[in-house]
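Shown next, in structure tokens, is the structure this report addresses.
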Amino acid sequence: MADSNNFQVAIDGPAGSGKSTVAKIIAKRFNLIYVDTGAMYRAVTLYAKMNGIDYENEQEISDRVTFISIKFLPADPVQKVFLNGEDVTEEIRSKEITNNVSLVSSYKKVRDEMTARQREMTSSNGVVMDGRDIGTTVLPQAQVKIFLVASTLTRAQRRFLENKKKGLDQSLSSLEEDIKQRDYKDSHRLISPLKKADDAIELDSSNLTVEQVVDKISSIISRRLKTINQS
Ligand code: DC
């Protein structure tokens, strides 16, 4: 029997491709822990803001990153994120943090520290981890790697609807522009850029419902588990 304690599913892809929505469902279905790595980079970015550190100040952020406590607490419908003991689940999703997280997450020391913490989270649990560099850098040995994409317009439309529910007002065209900029920064940084791993399976969610994406990934996982159990 494949041991669910060391089974790893990596889901990478650009902002708004639906990674976190499907990763959460997959985690429940296969009894795995869900790790939202983007939330960790967002928490480091918020730490800089709260402590009056300029986002451009790589040295100061790098000097402090090992002392930043980031914890996840399971909750419905969204997992809670704690930064140095404070619930920052909502704050890490603000426009200011979203617009600056690509820069902060490009710093080597920040990436090294977060990568080490992410690997540590797999030591006693099977995981579904979503991010940009999970299949390429964090868990290159993951048994299942998915690269989830969607058109920029689809992704902007999804953000638009999410924002509407939260009472936030930003035009579709400006959301699309923000997404394009973040895609560019995330895929052009020097260290661990957003990139499909050679052995990842690419799925385009533009014309698929959440259930359809979940079903496709579930079949891929089930097939993989079957092969592992037979070997
Ligand atoms: O998935 P998200 O939108 O919450 O991620 C926020 C940012 O964090 C994203 O723009 C790039 C960065 N990130 C990263 O560099 N590596 C990861 N594994 C996850 C996120």
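Quickly work out the Leu161-to-Ser218 label distance, labels modelled 7 Å from Cα along the C-beta direction, and quote it in nm with one decimal.
2.0
According to the square roots a ≥ b ≥ c of the eigenvalues of the Cα gyration tensor, what is the shape class of segment 44-102, taking rounded for a/c under 1.5, prolate for a/b larger than b/c otherwise, and oblate for the remainder?
Taking the square roots of the gyration eigenvalues as a ≥ b ≥ c, segment 44-102 is oblate.
Take the alpha carbon gyration tensor of segment 155-231, find the square roots of its eigenvalues, order them as a ≥ b ≥ c, and report rounded if a/c is under 1.5; if not, report prolate when a/b exceeds b/c, else oblate.
Oblate.
So which trypsin sites (Lys or Arg not before Pro) in segment 149-225 end up in coil per DSSP with only 11 or fewer other C-beta atoms within 10 Å?
Loop-located and lightly packed - Lys166.
Given the chain, what percent of its DSSP beta bridges are antiparallel, to the nearest 5?
Here the antiparallel bridges make up roughly 25 percent for the chain.
So what are segment 24-154's ellipsoid semi-axes, whole angstrom, largest first, if each one is the square root of 5 times an eigenvalue of the alpha-carbon gyration tensor? Can you show the working numbers first?
Details: eigenvalues 115, 54, 52 Å².
Semi-axes from the Cα gyration tensor: 24, 16, 16 Å.
GNM on the chain, C-alpha springs below 10 Å: top fluctuator among Ile92, Ile221, Ile53?
Between Ile92, Ile221, Ile53, it is Ile53 that shows the largest mean-square fluctuation.
Round to the nearest 10 and give me the degree value, 0 to 90, for the angle of helix 19-29's Cα axis relative to the longest principal axis of the chain.
40
Relative contact order of segment 1-133: what whole-number percent is it, with Cα pairs under 8 angstrom and at least 6 residues apart?
Computed over segment 1-133, the figure is 46 percent.
Sequence-distant or interchain residues sharing an amide H contact under 5 Å with Arg189, placed H: which?
When sequence neighbours closer than 5 places are left aside, the close amide H contacts are Leu194.
Taking the chain as a Gaussian network, Cα atoms linked when under 10 Å apart, which of Leu208, Leu46, Leu168 shows the biggest mean-square fluctuation?
Most flexible of the set in this elastic network: Leu168.
Within segment 184-224, find all residues whose amide N lies under 16 Å from a label point positioned 7 Å from the Cα of Ser151 along Cα-to-beta-carbon.
Inside the label zone: 204-209.
Run the numbers for Asn84 and Asn229: contour at 0.36 nm per residue of separation, minus the present Cα-Cα distance, in nm.
48.1 nm
If you take the Cα atoms of segment 1-57, find Rg, then find the Kirkwood Rh from the mean of 1/r over all pairs, what is Rg/Rh? Working shown, then result.
Numbers: Rg = 15.5 Å, Rh = 13.6 Å.
Across segment 1-57, the Cα-based Rg/Rh ratio is 1.14.
Near the amide H of Lys145, under 5 Å away, which other amide H atoms are found, from residues 5 or more places off or on another chain, if H is placed in the peptide plane?
Ala10, Ile201
Calculate one ³J(HN,Hα) per residue across segment 59-67 by plugging θ = phi - 60° into the Karplus curve 6.51 cos²θ - 1.76 cosθ + 1.60, and present them in order as whole Hz with x for glycine and proline.
So the J values, rounded to whole Hz, are 4, 5, 5, 5, 5, 9, 4, 5, 9.
Only Cα pairs under 8 Å and at least 6 apart count here; give the relative contact order of segment 74-231 as a rounded whole percent.
25
Kirkwood hydrodynamic radius of the chain from all distinct Cα pairs, in Å?
18.1
For Thr89, what is the net charge nearby, where nearby means another residue's Cβ is under 13 Å from its Cβ and Lys, Arg count +1, Asp, Glu -1?
Here the count lands on -1.
Grab the other residues whose beta carbon is less than 13 angstrom from that of Arg189, score K and R as +1, D and E as -1, and report the net. Please report the intermediate quantities before stating the final value.
Numbers: positive: Lys108, Arg111, Arg132, Arg182, Lys185, Lys195; negative: Glu58, Asp133, Asp183, Asp186.
It works out to a net charge of +2.
Got a sec to turn the phi values of segment 112-118 into Karplus ³J(HN,Hα) couplings, 6.51 cos²θ - 1.76 cosθ + 1.60 with θ = phi - 60°, whole Hz, x for Gly and Pro?
4, 5, 5, 4, 4, 5, 5
Laboratory data are not the source of any read-out in this text; all were calculated from the coordinates shown. Note that the coordinates shown come from a computational prediction; the quantities given were computed from them, not determined experimentally. Here Cβ is always computed from backbone atoms with ideal geometry, including for glycine, and neighbour counts include all displayed protein chains.
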